[in-house]
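Working notes for the structure below.
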């Protein structure tokens, strides 16, 4: 994926919605501000022991939506980043390193809520509102 995607994905401040579904297909959506693209095809985030994490344990596919308001609904900017989980770490140095980073950024209490670090591969990117323009024109 182009560096323009990484730049837009990591822009702060921003929040997005992570959509997941469990093994039976029941869907969930949760607000996350922490996912970060660490290279042009990899996203890393932390998660508490919650429905999102339970879903990912059953089904590795997810989508992260990033939205920015415009003057009208047709002017909204944003993208849908389709993801596939490649690793889930519930202990070890990677999790502890992530918790230290979270503690520095938002505090120790938030860091202690992190039960796992999740790594994803970016599988596709689409515009938030798809009218055939391609995602590059939507950011």
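Here are the numbers:
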item: Residue check, residue 86 within 20 Å of residue 19 (Cβ to Cβ), at pLDDT 95 or above and over 13 Å from the mean Cα position of the chain (by Cα); result: yes
item: Flag if residue 64 is buried (at least 19 other Cβ atoms within 10 Å of the Cβ) and either over 14 Å from the mean Cα position of the chain (by Cα) or not in a strand (DSSP E or B) (or both); result: no
item: Single residue of the range 89-107 satisfying the filter (under 18 Å from the mean Cα position of the chain (by Cα) and over 13 Å from residue 118 (Cα atoms)) that is surrounded by the fewest Cβ atoms within 10 Å (Cβ to Cβ); result: 105
item: Filtered residue count, the range 41-76, keeping only those that are touching a residue at least 60 places away in the same chain (Cβ under 8 Å) and either over 17 Å from residue 17 (Cβ atoms) or touching a helix residue (DSSP H, G or I) at 6+ places or on another chain (Cβ under 6 Å) (or both); result: 6
item: Residue satisfying all of: in the range 16-34; touching a strand residue (DSSP E or B) at 6+ places or on another chain (Cβ under 7 Å) and free of Cβ contacts under 8 Å to residues at least 40 places away in the same chain; farthest from residue 117 (Cα to Cα) among these; result: 27
item: Answer residue from the range 108-139, given it is assigned to a loop (DSSP other than H, G, I, E, B) and at pLDDT 90 or above and is surrounded by the most Cβ atoms within 10 Å (Cβ to Cβ) among those; result: 114
item: Filter pass, residue 52 being part of a helix (DSSP H, G or I) and under 15 Å from the mean Cα position of the chain (by Cα); result: yes
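The values are calculated or read from the model by the stated rules, or taken from the named source; none is laboratory data. Quantities reported herein were computed from a predicted structural model and do not represent experimental measurements. Backbone-built Cβ (ideal geometry, glycine too); neighbour counts: all protein chains shown.
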